[in-house]
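K.L.:
Just dropping this structure here.
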Amino acid sequence: MQFQAPKGTSDILPESQDYWKTVIEKAFLTAKKFGYRYIETPIFEDSRIFERTVGEDTDIVEKEMYSFVDKGGENISLRPENTAGVCRAFIENGLYNKTLPARLFYYGPMFRYERPQSGRFRQFHQFGIECIGDSSHDNDFEVIKLAWNILDKLEIKNTELNINSLGDKEDREVYVSKLIDYFSKYINDLPKVDKLRFERAPLRLLDSKEKVTINISKDAPKTLDFISKDSKNHHDKIIENLENLRKTERNFKYKINDKLVRGLDYYNRTVFEYLSDSSGPQGVLLGGGRYDPLIKILGGPDTPAVGFAMGVERIVHEVSKQGSIKDDNLDIVIVVLKDEFRTNAESTSDLFRSNEISTIIAPRRSIKGQLRFANNMNAKLAVILGENEINNNSITIKFLNSGDSQLELQNEDILKIKSLLASEE
Ligand code: HAM
């Protein structure tokens, strides 16, 4: 019997690690530049944390959570997202007593029992940021701009920010009643899944992937026509800032998308997503919004907040599509001409490694076999260690890519070796 990775999961093989490393490094660096600090929360939490915040009528809580009763009888769920966990940690550790807003970022695996397809997995990774403790539109703009900086640093082209405002709770109640009035005229035309949505979560009808519903939604009432003056002002101020950003950043594009509602219940006012030109779920690179009610729902003090999370698999896919990141190849394989020189090879490899040069000593094979090994490993250079070299405290460098022949160097000539490695890239 041959085992396979569970459906909707995948191995991240060494070949893709350079992409992952670049994406994560750039995201971490950007967050730090904006004054955000790293936080890590457990991969599983009390299930009620998600039920209360993400929402019991959402797809995530209703059908996608990996939930179980543990040996102590606790109801546990693998985290489907990390905003709720970060807010739980914010309350539990009294972070509200420190200077606010708390600027936090995280990275790690999330779990949703979804129907796997391109860009949609059951175990996936999110990088996210949360700005907790300030209700100003300045913070909405800050997180939207931070997300843009990450995409821009990664040179992901053809992205567009979609933004909408859902208003506050009271606005939403008025809006949802208008939406119900509108869709009730078409109830018999709606497909079965959307009839259910109509009953349980009418807002999600705007998010439907069903053609009939998409058509009907075209003339549905718009959230922006029903939000309060305060919410509208909040939204307009963000748009003003986005206009300014568009003037300074040539590639930055945005549109107000009145159908954008997002699939989690905790949002109020701003919701946004960055989309790429890839189709289907793969194209939704990141999503977020303001979630002022969440911390109070979890039993903390009334604390406004805003944030986003990006799907790292989706970002890695976009970056690798462009092929702009080079593989971080192995630098050197040391070819040892006689077994008795292996101790010397050890000290030479230590010298290289302590100078950040990645090095493998070739396995005990014939010289030809060792050189073949160096080629197969895609090493940039082979370093030959024989009797001559050891007596002269030198090494012979064999160029594997450029076809140049050989060069003898003093063992300690690290700077020269580094410049040779750079020219072999
Ligand atoms: P979300 O829209 O559910 O929001 O997920 C954010 C991002 O995670 C998506 O835009 C997508 O890139 C990625 N993602 C979601 N599900 C999958 C999946 N099954 N496979 C691959 N990637 C996926 C949240 O999770 C909120 N917590 C975001 C947030 C933070 N809002 C405020 N702060």
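We did not get these values from a lab; they are worked out from the coordinates using the rules stated. Note that the coordinates shown come from a computational prediction; the quantities given were computed from them, not determined experimentally. Backbone-built Cβ (ideal geometry, glycine too); neighbour counts: all protein chains shown.
K.L.:
Distance cut-off 25 Å, Cα to Cα: go down the list K380/K416; K185/K211; K259/K321; K222/K296; K21/K153; K21/K253 and report the pairs above it.
P.N.:
Violating the 25 Å Cα-Cα cut-off are K259/K321; K222/K296; K21/K253.
K.L.:
What is the dipole size for the range 27-100, taken about its Cα centre, with +1 at each Lys and Arg Cβ and -1 at each Asp and Glu Cβ, in debye to the nearest 20?
P.N.:
Rounded to the nearest 20 debye, it is 620 debye.
K.L.:
Choose one of Y182, I39, F28: the residue whose Cα lies farthest towards the positive end of the charge dipole of the chain (beta-carbon charges +1 Lys, Arg; -1 Asp, Glu; about the Cα centre).
P.N.:
Result: Y182, furthest along the dipole toward the positive end.
K.L.:
For the range 170-288, rounded, prolate or oblate, judged on the Cα gyration tensor with a ≥ b ≥ c (square roots of eigenvalues), a/c < 1.5 rounded, else prolate if a/b > b/c?
P.N.:
oblate
K.L.:
Rounded, prolate or oblate: pick one for the range 211-266, where a ≥ b ≥ c are the square roots of the eigenvalues of its C-alpha gyration tensor, a/c under 1.5 means rounded, and failing that, prolate if a/b is larger than b/c, else oblate.
P.N.:
Here the range 211-266 falls in the oblate category.
K.L.:
Mind checking the alpha-carbon convex hull of the range 75-149 and giving the volume per residue in Å³?
P.N.:
Taking the convex hull of the Cα positions in the range 75-149, it is 122 Å³ per residue.
K.L.:
While we're on this one: Could you give the nm distance between label points at T343 and Q117, where each point is 7 Å from its Cα heading toward the beta carbon?
P.N.:
6.5 nm
K.L.:
How about K71: which aspartates and glutamates have a C-alpha closer than 14 Å to its C-alpha, ignoring those fewer than 8 places off in the same chain?
P.N.:
Reachable aspartates and glutamates: D46.
K.L.:
If you put +1 on each Lys and Arg Cβ and -1 on each Asp and Glu Cβ, how big is the dipole of the range 157-255 around its Cα centre, in Debye rounded to 20?
P.N.:
440 debye
K.L.:
What do you get for the angle between helix 414-423 and the principal long axis of the chain? Use alpha-carbon atoms, 0 to 90 degrees, nearest ten.
P.N.:
Tilt of helix 414-423: around 60 degrees.
K.L.:
How high is the relative contact order of the range 190-319? Use alpha-carbon pairs under 8 Å, at least six apart in sequence, and give a whole percent.
P.N.:
Once divided by the residue count of the range 190-319, the mean separation gives 16 percent.
K.L.:
Would you compute, from DSSP H runs of 4+ residues alone, the mean residue ellipticity of the chain at 222 nm, taking -39500 (n - 2.57) per run and dividing by the full residue count, rounded to the nearest 500?
P.N.:
So the calculated ellipticity at 222 nm is -11500 deg cm²/dmol.
K.L.:
Using the Cβ atoms and a cut-off under 11 Å, what net charge is assigned to the surroundings of D258, where Lys and Arg are +1 and Asp and Glu are -1?
P.N.:
Combined, the nearby Lys, Arg, Asp and Glu give +3.
K.L.:
A follow-up question, please. So which aspartates and glutamates pass the test for K7, namely a Cα distance under 18 Å, with those fewer than 8 places away in the same chain ruled out?
P.N.:
Those aspartates and glutamates meeting the cut-off are E64, E114, E313.
K.L.:
Tell me, what is the FRET efficiency for K255 and K195 to the nearest 0.05, using R0 = 30 angstrom and their Cβ-Cβ distance as r?
P.N.:
The value I calculate is 0.50.
K.L.:
How high is the relative contact order of the chain, given as a whole-number percent (alpha carbon pairs under 8 Å, six or more residues apart)?
P.N.:
Relative contact order here is 16 percent.
K.L.:
Which value, in debye to the nearest 20, gives the size of the charge dipole of the range 195-330 about its Cα centre, when Lys and Arg are +1 and Asp and Glu are -1 at the Cβ?
P.N.:
360 debye
K.L.:
Any idea what the relative contact order of the range 44-101 is, in percent, if you count C-alpha pairs under 8 Å spaced at least 6 apart?
P.N.:
The normalised contact order for the range 44-101 reaches 35 percent.
K.L.:
Here is a follow-up. If you take the square roots of the eigenvalues of the alpha-carbon gyration tensor of the range 231-374 and sort them as a ≥ b ≥ c, do you get rounded (a/c under 1.5), prolate (a/b over b/c) or oblate?
P.N.:
prolate
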